[in-house]
Amino acid sequence: EGCGKDISQSGMGVYLPRELPTSDVLIEVPSTSQPASVTVPAVIVRIKRCADGWSEAGAVFRVPAPDA
């Protein structure tokens, strides 16, 4: 579990309490409608250690390209 920092159409910034064993992650984003959350595959592209032991990470969503 982590805490969301910011979100855009292409990715998300999060605070993580520990180091992850992989860069491939699934991000579960809560929703106010049904379904109650949306799970999006993503890849961690940067990590910066914070003074409190947590890490700030940037993830890029891995969504399929739309059909042309």
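The values are calculated or read from the model by the stated rules, or taken from the named source; none is laboratory data. Every value quoted in this text rests on a predicted model; they were computed, and no experiment measured them. Glycine also receives a Cβ, built like all others from the backbone with ideal geometry; neighbour counts cover every protein chain displayed. SASA here: full protein model, heavy atoms, side chains in, ligands and nucleic acids out. Shrake-Rupley method; radii C 1.70, N 1.55, O 1.52, S 1.80 Å.
Odds and ends about this structure:
- Using the 1.4 Å probe convention, the accessible area of the chain works out to 76 Å² per residue with neighbouring protein chains retained.
- Restricting the range 14-68 to GluC sites (Glu not before Pro) that sit in a DSSP loop and have at most 10 other Cβ atoms within 10 Å of their own Cβ leaves GLU19.
- Taking the 1.4 Å solvent-accessible surface of the chain as the whole, the part contributed by carbon and sulfur is 55%.
- Projected label distance in nm at GLU1 and ALA36, using a 7 Å step from Cα toward the beta-carbon: 1.4
- Computed over the chain: relative contact order in percent, which uses C-alpha pairs under 8 Å that are six or more apart: 31
- Database remark: amide H of ILE7 closer than 5 angstrom to the amide H of GLY13 (H placed geometrically; neighbours at sequence offset of 5 or more, or on other chains; Pro and chain starts carry no H).
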